[in-house]
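S.K.: Quick one: the structure is below, and I'll ask about it shortly.
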Amino acid sequence: TNPGFVVRITQAGLDYAHQHGIVILEKQLAQLKLSDISGDSRVGRVGKVHYELSRLRLRDFHLPYSRITPISNVGLQVSISNAFAELDGDWRVKFLFVRDHGSFDVKVENVYIKIDLRLGSDTSGKPTVSTSDCSTRISKVRVLFSGKLGWLYNLFHRAIESKFRKILEDKVCDIVEKSVHDELQTYVRTLPVTARINAKTGIDYSLVAPPRATAQSLDADLKGEFYSLANRSTVPFSPLPLAFPSDHDRMVYFGASSYFFNTASIAYREAGALVLEITDEMIPKGTGFKLETSTFSAFIPQLEEMYPNMPMKFRLSTPTAPFLTIGPGGISLKPIVDAQAYAILPDSSLAPLFLLSLVRNVSAVINVRSDRLVGSLDVGSRIRLSLKDSAVGTFEVRMMQSLMNILTSSTLLPRLNARLDEGFPLPLPDRIQLSNILVKFYQNFLLLGADVHFQPR
């Protein structure tokens, strides 16, 4: 299935996410708990040293060098090098008739960690992430004992250093796997599968396939489909393939296809949101005319005879969902609007007068505000009218051209633009804001590029 909406996270975006993830992992490693250690170390034929290490405390764990790399068809790999940690605790030892105790410090150096992350999606279309592999290698462990019996410590320090190395190597990967599950997996699941726009419509942002790693980015193919909350029907057309460009200047890119926008037209029409009634109170005072039969009697003389000096109302609707076209020059559409005119009788009932068909060239401007896709419409200078039905006899619709121009431009367009200015939510996880916005037009889709700012709690 071709996606209606594509999200691409570039290496710069992965690096930014990785910085925040490493900070969390570093904090969790610094909270690592170690159990008491005891054991015996044989000393030739003389006997054995029994040692006990207690009250082990990890003072800090630093991850100074790390990088994240997308691995094609596999997922993501995080490599950490030259990490180091410091511990301390108390020791007690028994060897023949000697008993001693004191404190010690441990310096763990040259720690290398490799983490492979598997990316997927669940049955609801939400992304998933898990640790597919983790390995830790510690090159150097030094235990420094306090006390004066240096010869005694030398009898067992190698055994202790070896134990520390084995314990830490196992514990580090345990914490990595827990951090990926508790922190990263929980966070990526805040990506919305569906986004409610209002009481009537929503957007389906579910994944149509697991996220895909390439050599330079991480791509996610989303359904990208608007739908009516009251009646979700099958869209009668399919998304076209998106020839996604190789832009990598921003941290994240969104590809919104013509399918994405055109399903919005269908959803809004099915939800009854593309119907607007215009009355005289809605017309700006500066337009110079009132919405009543006496205004239109100049074009329809019989109107004044049948309904003298009565207020009027227009009901605007779309007989078909208006479809837009996206190309290198921008976004354009040519919607057809039915304008049914009524006379408002003294008892407030409506008398149908005439039904006009309006066709007008419209262009759209798209932008991003914070985390929402916003837009505005601009109409062409000329409107094309035709008479579809009339209860007041035939008349020349060409004479009403300028009047209907004023009516749609002063009343209909501002209301549509006010709605578009409220925007539509983009598929972003929690606490993400976008900046440095880039907008480009390609054949059949709109490309949005942005940098990302994460707001920690």
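The values are calculated or read from the model by the stated rules, or taken from the named source; none is laboratory data. Treat the numbers as computed from the prediction; the structure is a model and nothing was measured. We place every Cβ from the backbone using ideal geometry, glycine too, and count neighbours over all the protein chains shown. Protein only, heavy atoms only, side chains kept; ligands, DNA and RNA dropped before computing areas. Shrake-Rupley method; radii C 1.70, N 1.55, O 1.52, S 1.80 Å.
S.K.: Which values, in whole Å and largest first, are the semi-axes of the equivalent ellipsoid of segment 200-313 obtained as the square root of 5 times each eigenvalue of the Cα gyration tensor?
M.R.: Listed largest to smallest, the semi-axes of segment 200-313 are 49, 17, 12 Å.
S.K.: Mind giving me the FRET efficiency for Ile167 and Asp40? R0 is 22 Å, r the Cβ-Cβ distance, nearest 0.05 is fine.
M.R.: 0.80
S.K.: At 222 nm, what helix-only mean residue ellipticity would the chain give, in deg cm²/dmol to the nearest 500, using -39500 (n - 2.57) for each DSSP H run of four or more?
M.R.: My calculation for the chain gives -5500 deg cm²/dmol from helical runs alone.
S.K.: So which lysines pass the test for Lys290, namely a Cα distance under 23 Å, with those fewer than 8 places away in the same chain ruled out?
M.R.: Leaving aside lysines fewer than 8 places away in the same chain, those within reach of Lys290 are Lys313.
S.K.: Restricting to Cα atoms and excluding each atom paired with itself, what does the Kirkwood estimate give for segment 217-270 in Å?
M.R.: Taking every pair of different Cα atoms in segment 217-270, averaging 1/r and inverting gives 12.9 Å.
S.K.: A further question on this structure: Provide Rg over Rh for the chain; use the alpha carbon set for both Rg and the Kirkwood Rh (inverse mean inverse pair distance).
M.R.: On the Cα set of the chain, Rg over Rh gives 1.27.
S.K.: For an R0 of 30 angstrom, estimate the FRET efficiency from the Cβ-Cβ distance between Asn198 and Asp389 and round to the nearest 0.05.
M.R.: After rounding to 0.05, the efficiency reads 0.40.
S.K.: Using only the alpha carbons, work out the radius of gyration and Dmax of segment 13-91 in angstrom.
M.R.: 19.1, 62
S.K.: Could you check the spin-label model distance between Asp88 and Ile24? Points 7 Å from the Cα along Cα→Cβ, value in nm.
M.R.: In this crude spin-label approximation the distance works out to 3.1 nm.
S.K.: Still on this model: Report the calculated FRET efficiency for Ser246 and Glu109 (r = Cβ-Cβ distance, R0 = 25 Å), to the nearest 0.05.
M.R.: Given R0 = 25 Å and the Cβ-Cβ separation, E is 0.05.
S.K.: Report, in whole Å, the centroid distance computed from the Cα atoms of segment 402-457 and segment 54-109.
M.R.: 50
S.K.: Under 15 Å from the 7 Å Cα→Cβ point of Asp378, by amide nitrogen: which residues of segment 245-278?
M.R.: Counting only backbone N, you get no residues.
S.K.: Pairs Lys94/Lys163; Lys114/Lys140; Lys114/Lys440: which are spaced more than 26 Å apart, C-alpha to C-alpha?
M.R.: Going by Cα-Cα distance, Lys114/Lys440 fall outside the 26 Å limit.
S.K.: While we're on this one: Pull out the extension gain between Ser81 and Gln443, defined as 0.36 nm times the separation in residues minus the alpha carbon to alpha carbon distance; nm, one decimal.
M.R.: 125.9 nm is the gain from fully extending Ser81 to Gln443.
S.K.: Once you place label points 7 Å from the Cα toward the Cβ at Ala159 and Thr234, how far apart are they in nm?
M.R.: Computed distance between label sites Ala159 and Thr234 equals 7.3 nm.
S.K.: If I model a spin label as a point 7 Å beyond the Cα along the Cα-Cβ vector, how far apart are those points for Leu350 and Arg419 in nm?
M.R.: For the pair Leu350/Arg419, the computed spacing is 1.7 nm.
S.K.: Using a 1.4 Å probe on the protein chains only, how many percent of the accessible area of segment 11-189 belongs to carbon and sulfur?
M.R.: 50
S.K.: Also, quick follow-up: If you stretched the chain out fully between Phe454 and Gln216, how much longer would it get, using 0.36 nm times the residue separation minus the C-alpha to C-alpha distance?
M.R.: Additional length available on full extension: 83.5 nm.
S.K.: Taking square-rooted eigenvalues a ≥ b ≥ c of the alpha carbon gyration tensor, is segment 194-454 rounded, prolate or oblate, where a/c under 1.5 means rounded and, failing that, a/b exceeding b/c means prolate?
M.R.: Judged from the Cα gyration tensor, segment 194-454 comes out prolate (a/c at least 1.5, a/b above b/c).
S.K.: Determine the equivalent ellipsoid of segment 78-190 by diagonalising the alpha-carbon gyration tensor, then write out the semi-axes as square roots of 5 times the eigenvalues, largest first, rounded to whole Å.
M.R.: Semi-axis lengths for segment 78-190 are 41, 13, 10 Å.
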